[in-house]
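**Student:** Next up is a structure, given as structure tokens.
Every number in this text was worked out from the coordinates using simple rules, so none of it is lab data. Quantities reported herein were computed from a predicted structural model and do not represent experimental measurements. Heads up, the Cβs are rebuilt from the backbone with ideal geometry, glycines too, and the neighbour counts pull from every protein chain shown.
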Amino acid sequence: MSRRAPIATLTILLASWLGGTAQAGSTIQPGMMISTAVSECTANFVFDGIGPAYGRVFIGTAAHCTTDVGEVVFEGYERVGALTVPPMPARIGTVVGRGDPDSVIEDWALIEVDANRRNDVSPQLKGHPSLPRGTELRNPRDLSRGDLVQFSGYAQGLETQPTREQRVGVFNTWENTASVELVGPITFGDSGGPIVHIPTGRPLSLHSRFGALYTIAISVLVDKATAANLPIAVRTLDSPPVPAPPAAPAPAASPSAPSSGQPEQPAAAPVKQAEKKPATKKKAKKKSAKKKRTKKRRR
């Protein structure tokens, strides 16, 4: 569930019209507020590109928080007090992958973090610096009904940080390895936000437009993005470094004789020997008659 007519989007317009300057970027992390052309939502987990996407960095949210692939996403902007010329919200990156915003299990989106913001990225869950840990949960048998889950997002009406970042929910069921059903205090602004399984500290799911009743397993986002030629892995506090892809093998050199330092001379053409033609019958008779005459003279 997202907040429509976002304050941050109006801030962008006001800043451009009135000459506002860009604000310094804050930490890009799970649980942060983001702003798009359609809503204010929450970012979920950090992802590293693997294989052909090695070196790229991403952060997730919900599809219904975005308009389309290619949309630019900004940090959310919160302001309390007198209205003044606001600073321009800092840019995060661009939407590069997006599911179906109207689907229970396809409401995911992937934002590629701009190259100049990669050093601002942290996998720490906002308000919980010791989370998340390990890899994303994929098997419902790793959870038990009643397990506690941790929320961190920009819920409307729960703007104060202690309330916003300390909300806890309860795991109920996990259907079809995709839709994770929870019970907890979720409201507008939490869309796209991260959910962590407290007993293991592992990433579990993200908030869809259907609230806590149907959240989407993070494993679904990983698999769907990978199927869309964006292979990724969740980055957590203790996840191993992403291995670099193997270097392409160098082309094999053609074998050649060792060089003597002298320019190569073209090979001489083989000399063709003249063929001996067999003697004809006439020549043979003349030769025989000559021998007989020679014998007669000797006598």
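**Student:** Let me make sure I get this right: for segment 110-161, a, b and c are the square roots of the gyration tensor eigenvalues over alpha carbons, sorted descending. Under 1.5 in a/c it's rounded, otherwise prolate if a/b > b/c, else oblate. Which is it? It would help to have the intermediate numbers written out before the result.
**Tutor:** Working: a/c = 2.28, a/b = 1.33, b/c = 1.72.
Verdict is oblate for segment 110-161.
**Student:** Sort 140-146, 194-200 by the packing proxy (mean of other Cβ within 10 Å over each peptide's residues), most packed first.
**Tutor:** Details: 140-146: 11.9, 194-200: 22.6.
Ranked from most to least packed, the peptides come out as 194-200, 140-146.
**Student:** Arrange the peptides 233-242, 64-73 so that the one whose residues have, on average, the most other Cβ atoms within 10 Å appears first.
**Tutor:** Values: 233-242: 16.0, 64-73: 18.9.
Result, highest mean Cβ count within 10 Å first: 64-73, 233-242.
**Student:** How far is it, in nm, from the label point at ARG145 to the one at VAL168 when both lie 7 Å from their Cα along the line to the Cβ?
**Tutor:** Going from the ARG145 label point to the VAL168 one covers 2.0 nm.
**Student:** Kindly provide the pair-distance distribution of segment 85-193 built from C-alpha pairs, with 10 Å bins from 0 and whole-percent values in order of increasing distance.
**Tutor:** For segment 85-193, the binned pair fractions read 11, 32, 43, 12, 2, 0 percent.
**Student:** Here's a follow-up. Pulled fully out, how much extra length does the chain show between THR67 and THR27, if you take 0.36 nm times their separation in residues and subtract their Cα-Cα distance? Before the final figure, lay out each step's value.
**Tutor:** On the way: separation 40, 0.36 × 40 = 14.40 nm, distance 2.40 nm.
Contour length minus Cα-Cα distance gives 12.0 nm.
**Student:** With θ set to phi - 60°, apply the Karplus curve 6.51 cos²θ - 1.76 cosθ + 1.60 along segment 216-225 and write out the HN-Hα couplings as whole Hz, x wherever there is a Gly or Pro.
**Tutor:** 10, 4, 4, 4, 5, 4, 4, 5, 5, 5
**Student:** Hey, got the dipole for segment 132-206? About the Cα centre, +1 on K and R Cβ, -1 on D and E Cβ, debye to the nearest 20?
**Tutor:** 200 debye
**Student:** Pull up all non-local amide H partners of SER239: gap of 5 or more, or a different chain, and H-to-H distance under 5 Å with H placed in the peptide plane.
**Tutor:** Those qualifying (amide H under 5 Å, at least 5 residues apart or on another chain) are GLY134.
**Student:** Another question about this same structure. Just to check I understand the Karplus step: with θ = phi - 60° and J = 6.51 cos²θ - 1.76 cosθ + 1.60, what whole-Hz values come out for segment 175-189, glycine and proline as x?
**Tutor:** My calculation for segment 175-189 gives 9, 6, 6, 10, 9, 9, 9, 10, 10, x, x, 10, 8, 4, x Hz in order.
**Student:** What length, rounded to one decimal in nm, is gained on full extension from SER130 through to ASP102, with 0.36 nm per residue of separation minus their alpha-carbon distance? Write down the numbers at each step before the final one.
**Tutor:** On the way: separation 28, 0.36 × 28 = 10.08 nm, distance 3.34 nm.
Additional length available on full extension: 6.7 nm.
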